[in-house]
Amino acid sequence: MKLIAYLLPQFHPIPENDRSWGKGFTEWTNTRKAKPLYAGHEQPREPLHDYYYDLTSPEAREWQASLAARFGIYGFCYYHYWFKGKKLLQQPMEEILSMGTPNFPFCFSWANESWTKKWDGGDKDIIVEQQYGTESDWKEHFNYLLNFFLDPRYIRIDGKPVFLIYRPGNMPCWEEMRRCWNRWAEESGLPGLYWIRTLGGFPVPKQHGFDASVEFEPHYTFATSPNNIQWRKFDFNNGYHHVFDYDQVWNLILNRSRLREGEPIMPGAFVGWDNTPRLKSGGQSCVGGSPEKFGWYLSRQIRRAAEVYKSDFLFINAWNEWAEGTYLEPDKRHGDLYLQELRKAAEEAGSQGSGPRIL
């Protein structure tokens, strides 16, 4: 079983964020200013030893990979931002490629939606619009990613580089682009690409050509079990803040039937959830979570991945989503207990997912 954690690169300033939110904005900006909204609300979340890293630092990236490998994470899935030739937050990954370090498996999830202010509770202005263009634009995108795909650290299945699409339903050009990319991959010496669509909290139409789907938690459970989640509401002047029970959502995950249309499914897991640093009272949070509970639920999800889903992969949300309250990195409240529980869960379930082995 290979445990892969999503990794957000928005921990370094970029001009687009400076213009939209103020100079020096990173994910830490919202994390630091978070406030508790109700009794027992665990905010702000603070990294252990005040390690507010900048991901343009090679030492920070090496620290992440070394820590993840030590506790049983097989690889990272980095979010990739591409808007018809325009790149965002690309510097950490470009340096990982050019420097050859850290020596740790990785893949990409293309966050193929417009870059907006909506997640910050702003005016929903589009900062960078997502457009797909035509074949020449797809070729430019493929050529940019090819060096990553050919890197020996890039995660592959049956020799094919794994590539996730975060919003598959947003792509009117999906089938045409897939055929072109597979052809160009074969012309580059690869057997094609291994395409994975994300099942989250958004509509996913019937689409042909994906090799597998991945359940993105807890959003997939929000979408598939809306009537089974009992939300607690706190009334604020600007609306309600919704709180869910950690155990309830995890039990829905563990008891869900394996549905879809016959394609392989890669299950997901989540550490916690609290996006109030981004959305304030308009966000959602959960109560009842703990490192011990996370480990207990994760060990069962790992077994379900192998026995029910017949999957060698399990995707965890997330390594460092601090402003969404779902992260494995050590913090001041729990230290590295979530990582310790992850390692224990992997060992109990017979996982052999740690280490830098490439398929």
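The values are calculated or read from the model by the stated rules, or taken from the named source; none is laboratory data. Predicted model, so just to flag it, every value in this text is computed and none were measured. Heads up, the Cβs are rebuilt from the backbone with ideal geometry, glycines too, and the neighbour counts pull from every protein chain shown. Just so you know, the surface numbers come from the protein's heavy atoms only, side chains and all, with ligands and any DNA or RNA stripped out. Shrake-Rupley method; radii C 1.70, N 1.55, O 1.52, S 1.80 Å.
Quick look at the values:
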{"read-out": "Check on residue 48, surrounded by 17 or more Cβ atoms within 10 Å (Cβ to Cβ) and of a type outside the set (D, E, K, R)", "value": "no"}
{"read-out": "Members of region 329-346 found to be under 16 Å from residue 44 (Cα atoms) and touching a residue at least 60 places away in the same chain (Cβ under 8 Å), listed by number", "value": "329, 330, 331, 332, 333, 335"}
{"read-out": "Every residue from region 51-64 that is closer than 13 Å to residue 103 by Cβ and crowded, with 22+ Cβ neighbours inside 10 Å", "value": "61, 64"}
{"read-out": "Unique match (being within 29 Å of residue 60 (Cα to Cα), of a type in the set (Phe, Trp, Tyr), in contact (Cβ under 8 Å) with a residue 24 or more places away in the chain and surrounded by 15 or more Cβ atoms within 10 Å (Cβ to Cβ)) among 132, 154", "value": "154"}
{"read-out": "The one condition in (1) open to solvent by 20 Å² or more (accessible area, probe 1.4 Å); (2) within 29 Å of residue 337 (Cβ to Cβ); (3) touching a strand residue (DSSP E or B) at 6+ places or on another chain (Cβ under 8 Å) that residue 127 fails to fulfil", "value": "(2)"}
{"read-out": "Complete set of residues in region 21-45 that are open to solvent by 10 Å² or more (accessible area, probe 1.4 Å), outside any loop (DSSP other than H, G, I, E, B) and either within 14 Å of residue 81 (Cβ to Cβ) or in contact with a Ser or Thr (Cβ under 9 Å, 6 or more places away or on another chain) (or both)", "value": "21"}
{"read-out": "Residue match in region 234-241 (condition: on the phi < 0 side of the Ramachandran plot and in a loop (DSSP other than H, G, I, E, B))", "value": "yes"}
{"read-out": "Output for region 277-325, where each listed residue is farther than 18 Å from residue 48 by Cβ, in contact (Cβ under 8 Å) with a residue 60 or more places away in the chain, of a type in the set (D, E, K, R) and not in a helix (DSSP H, G or I)", "value": "312"}
{"read-out": "Residues of region 8-20 satisfying the condition of being part of a helix (DSSP H, G or I) and either touching a strand residue (DSSP E or B) at 6+ places or on another chain (Cβ under 9 Å) or surrounded by 12 or more Cβ atoms within 10 Å (Cβ to Cβ) (or both)", "value": "16, 17, 18, 19, 20"}
{"read-out": "Residue in region 99-114 that is of a type in the set (S, T, N, Q) and open to solvent by less than 20 Å² (accessible area, probe 1.4 Å) present", "value": "yes"}
{"read-out": "Those residues of region 71-98 which are assigned to a helix (DSSP H, G or I), open to solvent by less than 40 Å² (accessible area, probe 1.4 Å) and not hydrophobic (A, V, I, L, M, F, W, C), in sequence order", "value": "92"}
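Yes/no matrix, rows are residues, columns are (1) on the phi < 0 side of the Ramachandran plot; (2) touching a residue at least 12 places away in the same chain (Cβ under 8 Å):
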residue	(1), (2)
10	yes, yes
39	yes, no
48	yes, yes
56	yes, yes
65	yes, yes
69	yes, yes
72	no, yes
76	yes, yes
